[in-house]
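> So that we are looking at the same thing, I have put the structure below in structure tokens.
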Amino acid sequence: ASQFHGQAYGGGSLSLESAASWLVLVAAQERRLAPVHMLRALRRLPGQLDELPLGDLDERASGMQLPWYREALAHTGREDAYWVARDFSAGVGKVRAAAQLVGGWHDIFLPWMIDDFVALRQAGHAPQLIIGPWTHTSPGLTAMSLREAAAWLRAHLLGDRRLLHGAPVRAFVTGSAGGWRDLEDWPPPGAREERLHLHAGGRLEAQAPGDAGPPSHYRYDPADPTPALGGPVLLSREPVVDNRPLEARADVLTFTTAPLAEPLTVIGPVRVELHVRSSLDHFDLFARVCDVEAGGASWNVCDALVRVGPGEPEPNAGGVRRVAFDLWPAAHRFAPGRRLRLQVSSGAHPRYARNTGTGEPIAEARRLVAADQELFHSAERPSALILSVVP
């Protein structure tokens, strides 16, 4: 992507697992027998991600202080000069070379790569975007990138378009009876917004709540952080997994539709609007969409985390905040008989650095404070999941 802050500080929280993996790879890459040192460091890494403060992670993981890691940790905001110097997004529209962008639904750079595609299109250029069912390090992504790049270069340098797929966007639709689909643009023209509302009792429905029922509650304890299952990380683990172990935890709320009578195809942006109140000024919200089988297996489709601080957003007189944020974009077909589920929690450790609840600088924080969270789903405060639905 043209800027790195979005991936490094996903939603405002450090993308801890990816950053730590990169750290040990870079620290070992010039050593003799570098692959051996990398593998050893990666095997030790999971236990080190639980230790605080994170400012010393470089020494724990690599045996040395790494100035680039410490500098990145000391500057967390995108507007900071450190990240501004590494942000080339303002110049994307000026690129005149034919540009092809290839990524995966579980690639750590996907949302910001799509931003670059949109910027090129808005500047009047004709880039191509290809998104498949891959992570950043999937062999399938490497193979597809090589094939499509060869066809792209042949078309634009030699005038031979025989191997080129002409659609501006090629997206692999995951889920039941999916497959590759050609699109004219991103987001897909003609997509309609469908809003699914959260209801008491864990229901997810198109109908808005009509009463002022009590909120749902959970307690987030950073000493026992909500774990990450699947999802985009730098070094590929299985990105799509059965989420039932996660959903059985007391610190994870779930809201689920009735079995679908007809297929539902979601292609495009995915967003949540959550009305929440916390016992702390500093907390995180993690939201995830899942495809639930008739037998109960719950497979993650897309997700995201956002970090909330004092006044961001401003609470109302009752302390309730409306927190709206984008999840990872998606292309997924929910088959008839399946159910759509939204998870809401306050962490995904160690994919994202846990929120300690204190507001201390991320490099220095040691103290852990638990947060009591309330999620509202009433007529006055209608929390919702917003999907882009296509025929």
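The values are calculated or read from the model by the stated rules, or taken from the named source; none is laboratory data. Here the structure is a predicted model, which is why all the values come from computation and not from measurement. We place every Cβ from the backbone using ideal geometry, glycine too, and count neighbours over all the protein chains shown. We work out accessible area using only protein heavy atoms, side chains counted, and drop any ligands, DNA or RNA first. Shrake-Rupley method; radii C 1.70, N 1.55, O 1.52, S 1.80 Å.
> Which Cα, out of Q207, F88, A248, lies furthest along the positive dipole direction of the chain (beta carbon charges, K/R +1, D/E -1)?
The listed residue farthest towards the positive side: F88.
> Given q = 0.11, 0.19 Å⁻¹, what are the Debye log10 I(q)/I(0) values for the stretch 1-148, with equal point scatterers placed on the Cα positions and solvent ignored?
Log10 I(q)/I(0), no solvent term: -0.53, -1.22.
> Give me the percent of Cα-Cα pairs in the stretch 1-68 that sit more than 21 Å apart, rounded to a whole number. The partial results should precede the final answer.
Numbers: 579 of 2278 pairs.
More than 21 Å apart: 25 percent of the Cα pairs in the stretch 1-68.
> Also: Put +1 on the Cβ of each Lys and Arg and -1 on the Cβ of each Asp and Glu in the chain; which of I108, Y69, L385 then has its Cα farthest toward the positive end of the dipole?
I108
> Work out Dmax and Rg for the stretch 150-287 from the C-alpha atoms and quote the Rg first, both in angstrom.
Taking only Cα atoms of the stretch 150-287, I get Rg and Dmax of 20.8, 65 Å.
> Further, regarding this structure: Grab the other residues whose beta carbon is less than 11 angstrom from that of P168, score K and R as +1, D and E as -1, and report the net. List each step's numbers first, then the result.
Values: positive: R121, R170; negative: D182, E184, D185.
After counting each charged neighbour, the total is -1.
> Can I ask one more? Return the Cα extents of the stretch 237-303 along principal axes one, two and three, sorted largest first, each rounded to a whole Å.
Largest to smallest, the principal-axis extents are 41, 28, 26 Å.
> If you build a Gaussian network model of the chain, linking Cα atoms that sit under 10 Å apart, which residue out of L253, L153, L141 swings the most?
The residue that fluctuates most here is L153.
> Sticking with this one: Using only the alpha-carbon atoms, what does the stretch 173-247 span along each of its principal axes? Please give whole angstrom values in decreasing order.
44, 40, 21
> To the nearest 20 debye, what is the magnitude of the charge dipole of the stretch 264-391 about its Cα centre, counting +1 on the Cβ of each Lys and Arg and -1 on the Cβ of each Asp and Glu?
On the way: 15 positive and 14 negative charges, 71 e Å.
Using only the charged Cβ atoms, the result is roughly 340 debye.
> Quickly work out the D160-to-R237 label distance, labels modelled 7 Å from Cα along the C-beta direction, and quote it in nm with one decimal.
4.4
> Still on this structure, please answer the following. Post the alpha-carbon centroid distance, the stretch 316-382 to the stretch 193-260, in whole angstrom.
Result: 9 Å between the Cα centres.
> Something else now. How do the peptides 281-287, 385-391 rank, highest first, by the average count of neighbouring beta carbon atoms within 10 Å per residue? Don't jump to the answer; show the numbers that get you there.
Values: 281-287: 22.7, 385-391: 18.4.
In decreasing order of mean packing, 281-287, 385-391 become 281-287, 385-391.
> Counting only protein heavy atoms and using a 1.4 Å probe, what share of the accessible area of the stretch 259-368 belongs to carbon plus sulfur, as a whole percent?
Values: 1860 of 3870 Å².
Carbon with sulfur: 48 percent of the solvent-accessible area.
> OK, next. Evaluate the relative contact order of the stretch 308-391 (contact order divided by residue number), counting alpha-carbon pairs under 8 angstrom at least 6 apart; express in whole percent.
Working: 29 pairs, mean separation 11.8, N = 84.
Once divided by the residue count of the stretch 308-391, the mean separation gives 14 percent.
> What nm value, rounded to one decimal, do you get for the distance between D50 and A248 when each label is placed 7 Å out toward the C-beta?
Roughly 1.9 nm, to one decimal.
> Testing the spin-label approximation: label points 7 Å from Cα along Cα→Cβ at D372 and A206. State their distance in nm.
Once both label points are built, they end up 3.9 nm from each other.
> Right, here's the next one. What value in Å³ per residue do you get for the convex hull of the alpha-carbon atoms in the stretch 53-103?
Details: hull volume 7.1 nm³, N = 51.
About 140 Å³ per residue, rounded to a whole number.
> What's the extension gain from Y82 to M64 if we count 0.36 nm per residue and subtract their Cα-Cα distance?
Values: separation 18, 0.36 × 18 = 6.48 nm, distance 2.20 nm.
Roughly 4.3 nm would be gained on extension.
> Which one of V301, V323, P336 has its Cα pushed farthest toward the positive end of the charge dipole of the stretch 284-360, where Lys and Arg give +1 and Asp and Glu give -1 at the Cβ?
P336
> About the Cα centre, and with charges only on the beta carbon of Lys, Arg (+1) and Asp, Glu (-1), how big is the dipole of the stretch 210-317? Nearest 20 debye, please.
100
> Taking 0.36 nm per residue of separation and subtracting the Cα-Cα distance, what length does fully extending Q29 through R219 add?
On the way: separation 190, 0.36 × 190 = 68.40 nm, distance 4.16 nm.
Length difference between fully extended and current span is 64.2 nm.
> Can you tell me the equivalent ellipsoid semi-axes for the stretch 299-359? Use √(5λ) from the Cα gyration tensor, largest first, whole Å. Mind dumping the intermediate values first?
On the way: eigenvalues 158, 51, 21 Å².
Those come to 28, 16, 10 Å.
> With an 8 Å cut-off on Cα pairs and a minimum separation of 6 or more residues, tell me the relative contact order of the chain in percent.
Working: 852 pairs, mean separation 84.7, N = 391.
Rounded, it is 22 percent for the chain.
> Further question on the same structure: Given the options R181, R288, R170, which has the most mean-square fluctuation in a GNM of the chain, springs set between C-alpha atoms less than 10 angstrom apart?
Fluctuation is largest for R181.
> First select every other residue whose beta carbon is under 14 angstrom from the beta carbon of P189; then total the charges, Lys and Arg +1, Asp and Glu -1.
Working: positive: R121, R181, R192; negative: D182, E184, D185, E193.
Local net charge: -1.
> I'd like the FRET efficiency for A261 and W180, computed as 1/(1 + (r/R0)^6) with the beta carbon distance as r and R0 of 22 Å, rounded to 0.05. Please report the intermediate quantities before stating the final value.
On the way: r = 26 Å, r/R0 = 1.20.
Between A261 and W180 the formula returns 0.25.
> Right, something else. Quick one: what does P(r) look like for the chain with 10 Å bins over all Cα pairs, in whole %?
5, 21, 31, 27, 14, 3, 0
> Under a Cβ-only charge scheme (Lys and Arg +1, Asp and Glu -1), can you give me the dipole magnitude of the chain about the Cα centre, in debye to the nearest 20? Before the final figure, lay out the partial values.
Numbers: 40 positive and 44 negative charges, 214 e Å.
That gives a dipole near 1020 debye.
> Let me ask another. If you take the beta carbon distance between A97 and D281 as r and set R0 to 51 Å, what does 1/(1 + (r/R0)^6) give as a FRET efficiency, to the nearest 0.05?
On the way: r = 47 Å, r/R0 = 0.92.
That pair, A97 with D281, gives E of 0.65.
> Then there is this: Residues with beta-carbon under 12 Å from that of E293, excluding E293: net charge, scoring Lys, Arg +1 and Asp, Glu -1?
Computed value for this residue: +2.
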